[in-house]
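Got a structure for you, questions after.
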Amino acid sequence: MTRGGVSTMIQNFLLKNAPNRSTDMLHKEINGKHEYHNQTMFTLIEELNLPYLKVDQALNVLSWNEMFSYLTDIKADELQHSSISELAITHSIAEFFQDQMALSTKYVQITKSVYENGGNVLNVTFIPEVEDNHVYYFIMLEDLSLQTKYEELLTFQHQMQAVSHIAAGVAHELRNPLSVIKGFLQLSHLTCDFQKYYNTIISELNRMNIIIEDFLSVSRKKTNRKWQSPSNLIESLVELMKAECLLHSVELQVDFDKSFSICHINESMFKQVMLNLLRNAIEAFDEGASYKYLKVSSKEIGEYVHIELIDNGKGMPKDVLEQLGKPFFTTKEKGTGVGIPLCKKIVEDHGGKFQILSERDVGTKVILTFPLLV
């Protein structure tokens, strides 16, 4: 490469890191400067305001720009006629550079993120260059601290929005049973007959407790998982499933793969998902339906076990299906809108996938996948 030209690697670096420039604009800028103005690479870097340091094979500093001095807090008089080994450059950057000097026999661009003193994040790019048959080395820096802080702030804002959303949901869901309890307590005071309303009040208090437990379940992190067979866990629930279905005149079919393959599963959470989905399916049937059918099956496909719950209920229209899974969305009169999001979260926390397929007046299929031990 000639002193007045711009190498492919330098161009690639500039195209990737130049701020506020589109690729096409930067291509035109580079080509225009090269062809019509014969600008040197150093002038171009200065114009793009990218921090760089250039050294020779003896590690002597040949050139730099103000941005490099500013970013590393190394004054110009310290850089003048100095060697990189003499500079108060951070240990991580110097170590990275020394390693690349020792290892790089090919002229390749290597980039690494390091943490500066004080926690600042720097992207360091090491670029060997051949110029007039001499080898030189460029160290280019990109300060990622602002971007990192912005991402942290954005994450915090999202977390606060989630907290606000959950708080609003809790308040909304608890307000209904509280209103019922308040009303019946007032009635019992007026009629002097507390016993008449006792069962209703207890029922609403139990409902409040269920709502709180559901919300707590969303945030709990349970790590006590064991390697065990999903089929065995389903089999242990069969009698309970049969009893639930019998109470609601639902025909239950169970067809699971009795293989010895195992998954890393929290047993209580797995059962919670299965029973929640079972009750959802039962509650979705029309009371006057002549034939209610539910099938629970499991099978291995590749490195996953697939568990399916299929019913012939009334199904869901597309607009409801799109909303399903969002916190607090429910079509049930006394639903919390937490059950499905909770099931989805539990499955995904196990490294699995949660999917619902439904068609109006046809039925619904819920598919759970869990990774197997292979």
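The values are calculated or read from the model by the stated rules, or taken from the named source; none is laboratory data. Quick caveat: nothing in here was measured; it's all calculated off a predicted structure. Using ideal geometry, Cβ is built from the backbone for each residue, glycine included, and neighbour counts are taken over all protein chains shown.
How many of the residues making up region 253-265 are surrounded by 13 or more Cβ atoms within 10 Å (Cβ to Cβ) and modelled with pLDDT under 85? I'd like the intermediate steps shown before the answer.
We begin by selecting, within region 253-265, every residue surrounded by 13 or more Cβ atoms within 10 Å (Cβ to Cβ); these are 254, 256-257, 259, 261-265.
Pick out the ones that are also modelled with pLDDT under 85 and you get 256-257, 259, 261.
Result for region 253-265: 4.
Determine which single condition Trp227 fails, assuming it passes every other condition in (1) part of a helix (DSSP H, G or I); (2) at pLDDT 85 or above.
Among (1) part of a helix (DSSP H, G or I); (2) at pLDDT 85 or above, the lone unmet condition for Trp227 is (1).
Can you tell me which residues in region 279-303 are assigned to a strand (DSSP E or B), surrounded by fewer than 19 Cβ atoms within 10 Å (Cβ to Cβ) and not charged (D, E, K, R)?
Pass one, region 279-303, residues assigned to a strand (DSSP E or B): 292-301.
Within this subset, residues satisfying the condition of being surrounded by fewer than 19 Cβ atoms within 10 Å (Cβ to Cβ) are 293, 295, 297, 299-301.
Residues satisfying the conditions are Tyr293, Ser297, Ile301.
Output the residue which, of all residues in region 304-328 that are touching a Ser or Thr at 6+ places or on another chain (Cβ under 7 Å) and either assigned to a loop (DSSP other than H, G, I, E, B) or not assigned by TED's automatic domain parsing to the domain that holds Val362 (or both), is farthest from Val254 (Cα to Cα). Give the steps one after another, and end with the answer.
Initial filter on region 304-328 (touching a Ser or Thr at 6+ places or on another chain (Cβ under 7 Å)): 304-308, 311, 313, 315-316, 320-321.
Next cut, either assigned to a loop (DSSP other than H, G, I, E, B) or not assigned by TED's automatic domain parsing to the domain that holds Val362 (or both) only: 313, 315-316.
Working: Gly313: 17, Gly315: 21, Met316: 23 Å.
Applying the filter and picking the extreme gives Met316.
Picking from Val273, Val250, which residue would you name as being more than 21 Å from Asp361 (Cβ to Cβ) and modelled with pLDDT of 85 or more?
Working: Val250 fails: more than 21 Å from Asp361 (Cβ to Cβ).
Exactly one of Val273, Val250 is more than 21 Å from Asp361 (Cβ to Cβ) and modelled with pLDDT of 85 or more, namely Val273.
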